[in-house]
Each structure stands twice: as C-alpha cells, then as structure tokens.
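Single-structure report; data block below.
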Amino acid sequence: MTDRRENLLLLAPGLALLALAFILPIFRMLALSVQGEDGLTGAHFARFLGDPFYLGVLWRTVRLSLLITLICAVLGFPFAYIMARARPRLRTLLLIIVILPLMTSVVVRTFGWMVILSRNGILPEMLRDLGLAGRSFQLMRTETAIVLGMVQVLMPFMVLSILGVLARLDQRLEEAARTMGCSFLGALRHVVLPLSMPGIAVGAVLCFTLSASSFVTPNLLGGTRVQMLAASIYRAVTQTLDWNFAAAQSVILLVGILLVMAPYIVSQGRRHG
Amino acid sequence: MADLTLTGIRKSFGRTEVLHGIDTVIEKGSFVSLLGASGCGKSTLLRIVAGLETASAGRVEIAGQDVTALPPEARDISMMFQSYALLPHLSVAENVRFPLRMRGIGNREEQAARVAEALETVQLSAFANRKPSQLSGGQQQRVALARAIVSTPKVLLLDEALSNLDARLREDMQLELIEIHRKLGLTTLFVTHDQDEALSLSDRVILLDGGRVAQAGSPEEIYEAPQTAFAAEFLGAANLIPAEIGPRGTATLPGGQHLPVPENMPEGPALLAIRQEDLVLSAGGKGISARLKAQVFMGSRTRHVLDLDGHRLRALSLGRPGLVAGETVRLAVDPDRIAWLPPAPTDRPE
C-alpha cells in the first residue's frame, strides 16, 4: 500500500503541472465556446459551420494535413528503410540530416523557405527559366508553399517512428521472402511495408496532429489569404478579439484531431488489452 | 542427373576469404549435409546457393542452368531458416501459401489444395488459421518446413533447421524430415554443425573445414575411413595418436609401446585414428598399458579418460567395465578398426 502511495506522490508534481497548464485551460476553452450573452449557446459553432469561409478553412486544414502526412509517409518510408539497413556511420549521417530541420528555429527555417519561394526566389525563377511556369507564376502564399514547409518539419517524426519499427525487424524475413519468389520491391511491399504499419501509424498520427494545429509555418508561407485553422483562431483571439468564437474553433480542431486519433487509440487498446 | 553443381566457389568478405574454392555435384533427389564447425563457411555456401550472397568467384548451376548471376527469386529453390523466418503478420496458411502466391504457381483453388496438403504433411492442418506467434517452437518449425516444401523446388535448402529445438523434438523432426524426403524426393542441402544429425539424415556428407571440403562421401565412408585428422576428430571424436609404422604390421607409439596394425599400412611416420568406442579396456588382459585418469558413468555407457605415456586418450565402453580410476589398464584395438592418416606437421591444440 505504501508503494502505491509513494507512486502517487511521485506522480503528483507532473499531474499538478498538467492540471494547471493543460486541463484547466481546456475546460476554460470548452466553457468559453458555449458561453453566450445570456447563458449557454451554440451560436459560435453555428456561425463557424454556417459560414462557407470558415468551412473552407476547416476543409483546407484537413486536406493539407492529410496531404502533408501522405507525402511524409511516402518520402519517409524509403528514407527510414535505408537508414535501418545502412552501416552505422551512414546511419548517423542520415539521422543528422533528418533531424536538422528540428534544430533550427521555426522562424529562421520559414524565412529560409520564404527566400527560396518568393517571387524572385530560387525555385520560381528556376521554373520560369526552364519554361515550366508562366510569368505570373508564384509559390509564396500558396498551399504548395505550406505543404513544402510543413513536410520538411514533420518528416523527422515520420522517419523516426518508422525507423523504430524497422530497426527491430528481422532482416531474415526479407531474405526469406526473396527465397520464396519476391523481388526486392516485392519483399518491401509484402513483408517490410505491412510490418512497418505500426510505425507508419504513429508517424501519421503525429504528422497529422502537428500539421493540423501548426501555426507559424502556414501563417508565414500561406499568408492571410490561404489560412489554416490555427491561424484563424489566432486572428479571432488577437484581431477581432472574439474569444468565444476562437474557443469554438479550437474545440472543432480538438474534436477533429481526436476523431483522427480514435482508430489508432482503439487499435492500440485492443492490442494491449 | 545433377540438380546442383558448384564449381570453384570462392567467397571473400573484405580481405578475408572464407570459401577457398568449393566444387561439388549434388545428385537429383539426394539428401546432402554440409557439416562443419561454426565459421567454416557452410552457411555462407548455402546462402550462395540461395542467391542471398554473391560468390566472389565460381559457378552455381541448378538443374543444368547457370544461376550464378540470378537473384534468389529467380532460382528454383526454397530455404528454411534457423530462426524459421515466418511472416508474423500472416496466418499459418497464408505463410505456407506465400511462395505459391509470389511465384505465381497455380490459381487460388490449386494453391489452397497444395497448402492443405503441405500442412497435412507436417501434421498442422488444425492450426491453419493461427498466427505464428500462437504456436510453439516445434510447430513454428513445422510451418517453416511446410512453407519450404509447398512449392516443390528443385533444391531445398535447410540452414541449421533443427538447431533451435530441444533434444526430443529434434529427434522427432529428424525422423519427420527423413520421411518427408522419402515421400517428396526433393534434392536437399542441409547445413548443420551436429555430426550425429549429418550422419543419420544424409545420403552424403560434405565436411567443410576452414572454407575447404575436408572430405565428402557417404556417412559410412566418412565415419569409417576418415581421410584427414579433422574428419576423424570431428565425426566421432576419434583419438589421434602419432606413431611410427614398422614392417609386418606393428606401430611404435610415442612411449615406445607396440600396437598391432593392418599389414598393408605404409611404413614410416603416421597418425593413427582410433574411435573412442573401438578401444577395449580391461584390468589385466592383453594390449598396451595406459593409466586410467578418470571415468564418467552415463547409464548405458561409461566414458574414460586415459593417459598413454603422456598422450591423452578418450574411450567409451558399454555398461560398466569395473575399472578403478588411477590404476593402469590394458587397451586392445582390433587392427582393422585403426585408420591411417598422414602424419600431422604440428600437433593440433586440444
């Protein structure tokens, strides 16, 4: 019994911090979102869901987050596979390359993208010179810019999640597949890919959640015209000072993310339960 | 007809050459063991046959076709791994169907029939829908075997396939393997470090020592007539005694004692190989004398360690010969059971 009490005691500081800095604000947010002039109201939600502009913002948030997650998975899987099979020295080098974006400040990194993507930046200019894009072509303040910037930041989460699974995968399974008639790509498709699904799932949940709730990168690369939900919440808080509406948007974002995570949580619960 | 022909196979990892030119021909339908201590290159050779490893030099032919440059999936082989390598995300039946599916053998119904037949062969029909993780080690092993035989490949490769099992299961599986081999007649190449397993299972044993073939032949040949000291020691732990063969079938041992040997043995220095079970011990009979240093009673047999004028000998008797450790005993050997080997340039470390 004392063991249990000691354990609780050890948990206390962490729980206190969580309660103060996370659970309390969440309840405050939930309360704000349904608070009206006279008692409870669903007006803030109705306003959001009735306005094509905000629905557009929501749809863009979901769509871009899915796209970013997909690109991260498609690029991250081969990267993680090569890392898992590389010699230690090459693996370290690749690891540094993949986590380097996380080591620079988000603002610095985003300004880097702005330099590359702006009207006279390297990328649009090159595309124009190659005749692949028209004179009015631009990348800044487009969804493409957001996706590019976000994929760069979120890749490490996907790569490291998949790497964790692949590193524990018995290489002989691939060899066995080869002796059973699989080509190299066939073995990847029929053995490695299905077995790295848990890692891909973790990476996907991380990527989706982080991109759906990200603020700085989409805001700087997408501008005010191409808004995602976090930026819209920020505007409601700081510019229109409509905290109730901001809270309603936040609740919608939170519920959306929980819905995406639900299948994953359920599958994990089933595995351990 | 030969199903597998290896010509001058060499393999180097970096600067170390682990296979120094292996030549062998494996007849269709035969069961051949690659026997050797760990690190002798036997697994590497098997992997070269499978195509998982590329030979630095030499040729691999399967059923008359040169497959040296082909990847594993293009070779008509199947391989059973020491760790079984069952695919954990697939059920037992799906695991067994996997090679058929990947090689495009038969349609769905034919595949199902062959899977059922293979599972029946290894007596696992009741477990078809389980996941590998729900099976015991022995059952997993049999799934791996079913998966290896289901596509009836030209050559079946078994890499230390029984090494992970405990002794009793292992004996069962040996019998099962013999049975399956007799039934299907698949050309089988079996890698093992266990001499008993190699002798009891195979038609032919290829003994590897340090990346070279030390001896190849039938189990009887290789056991009865070892051609090298390594073969004599490795298969049956024979005693190797340096001796000087004189005229009329007498050998002079290091301590000066004389031992009768067959008259046709070439005169001069030699290494005599005498199996443990061929040394007959008695308290006061005929033969050369040696001191009995220690003995271990093991039920049906007794193991002895003897000192023959400074040379260590091991002997194995049936039952309990009733000798006393520390005393001098007599050793007799049937001259025909002594194998002649060329003298060793230097003594091997014990």
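The values are calculated or read from the model by the stated rules, or taken from the named source; none is laboratory data. As the structure is a prediction and not an experimental result, all values here were calculated from the model. Reconstructed Cβ throughout: ideal geometry from the backbone, glycine too, with neighbour counts over all protein chains shown.
Return the total of residues in segment A:148-186 being among the hydrophobic types (A, V, I, L, M, F, W, C), within 20 Å of B:ASN95 (Cβ to Cβ) and surrounded by 23 or more Cβ atoms within 10 Å (Cβ to Cβ).
Counting residues in segment A:148-186 that are among the hydrophobic types (A, V, I, L, M, F, W, C), within 20 Å of B:ASN95 (Cβ to Cβ) and surrounded by 23 or more Cβ atoms within 10 Å (Cβ to Cβ) gives 4.
Among the aliphatic types (A, V, I, L, M), without any contact (Cβ under 8 Å) to a residue 12 or more places away in the chain and more than 11 Å from every other protein chain (Cβ to nearest Cβ): is that true of A:ALA133 in this structure? I'd like the intermediate steps shown before the answer.
Details: among the aliphatic types (A, V, I, L, M): yes; without any contact (Cβ under 8 Å) to a residue 12 or more places away in the chain: yes; more than 11 Å from every other protein chain (Cβ to nearest Cβ): yes.
Yes.
Only residues in segment B:46-75 that are within 13 Å of another protein chain (Cβ to nearest Cβ) count as the first member; pair them with residues that are surrounded by fewer than 17 Cβ atoms within 10 Å (Cβ to Cβ) and among the β-branched types (Val, Ile, Thr), Cβ under 8 angstrom, at least 6 apart or cross-chain, and list the lot.
Listed by first residue and then by second, the contacts come to B:ILE48/B:THR54.
Within the group A:LEU188, A:LEU206, which residue is in contact (Cβ under 8 Å) with a residue 24 or more places away in the chain and under 30 Å from B:THR152 (Cβ atoms)?
Details: A:LEU206 fails: under 30 Å from B:THR152 (Cβ atoms).
Among A:LEU188, A:LEU206, only A:LEU188 is in contact (Cβ under 8 Å) with a residue 24 or more places away in the chain and under 30 Å from B:THR152 (Cβ atoms).
May I ask you to verify whether B:SER43 is modelled with pLDDT under 95 and in a helix (DSSP H, G or I)? Before you say what the answer is, go through the steps one by one.
On the way: modelled with pLDDT under 95: yes; in a helix (DSSP H, G or I): yes.
Judged against the criteria, B:SER43 is a match.
Exactly one of these conditions fails for B:ALA225: (1) in contact with a Leu (Cβ under 9 Å, 6 or more places away or on another chain); (2) hydrophobic (A, V, I, L, M, F, W, C); (3) surrounded by fewer than 16 Cβ atoms within 10 Å (Cβ to Cβ). Give me its number.
In the conditions (1) in contact with a Leu (Cβ under 9 Å, 6 or more places away or on another chain); (2) hydrophobic (A, V, I, L, M, F, W, C); (3) surrounded by fewer than 16 Cβ atoms within 10 Å (Cβ to Cβ), B:ALA225 misses (1) alone.
Restricting segment B:3-45 to residues that are over 19 Å from B:ALA214 (Cβ atoms) and small (Gly, Ala, Ser), which is nearest to the other protein chains (Cβ to nearest Cβ)?
Ranking the qualifying residues of segment B:3-45, first place goes to B:GLY14.
Please determine, by comparing only the residues of segment B:270-284 that are surrounded by fewer than 17 Cβ atoms within 10 Å (Cβ to Cβ) and more than 11 Å from B:LEU316 (Cα to Cα), which one is modelled with the lowest pLDDT. Before you say what the answer is, go through the steps one by one.
Step one: of segment B:270-284, the residues surrounded by fewer than 17 Cβ atoms within 10 Å (Cβ to Cβ) are B:277, B:282-284.
Remaining after also requiring more than 11 Å from B:LEU316 (Cα to Cα): B:282-284.
Numbers: B:SER282: 84, B:ALA283: 83, B:GLY284: 78.
Among residues in segment B:270-284 that are surrounded by fewer than 17 Cβ atoms within 10 Å (Cβ to Cβ) and more than 11 Å from B:LEU316 (Cα to Cα), the one modelled with the lowest pLDDT is B:GLY284.
In segment A:150-197, how many are over 15 Å from A:TYR81 (Cβ atoms) and more than 8 Å from chain B (Cβ to nearest Cβ)?
The qualifying residues number 7.
Considering only residues that are surrounded by 10 or more Cβ atoms within 10 Å (Cβ to Cβ) and among the acidic types (Asp, Glu), which ones fall in segment A:1-40?
The answer is A:GLU6, and nothing else.
Assuming A:LEU139 fulfils every condition listed in (1) away from chain B (no Cβ under 14 Å); (2) free of Cβ contacts under 8 Å to residues at least 40 places away in the same chain; (3) surrounded by fewer than 16 Cβ atoms within 10 Å (Cβ to Cβ) apart from one, which condition is it?
Unmet condition: (3).
Return the residues of segment B:81-98 that are more than 9 Å from chain A (Cβ to nearest Cβ) and not in a loop (DSSP other than H, G, I, E, B); say none if nothing qualifies. Before the answer, list the steps.
Of segment B:81-98, the ones more than 9 Å from chain A (Cβ to nearest Cβ) are B:91-97.
Across segment B:81-98, the qualifying residues are B:VAL92, B:ALA93, B:GLU94, B:ASN95, B:VAL96, B:ARG97.
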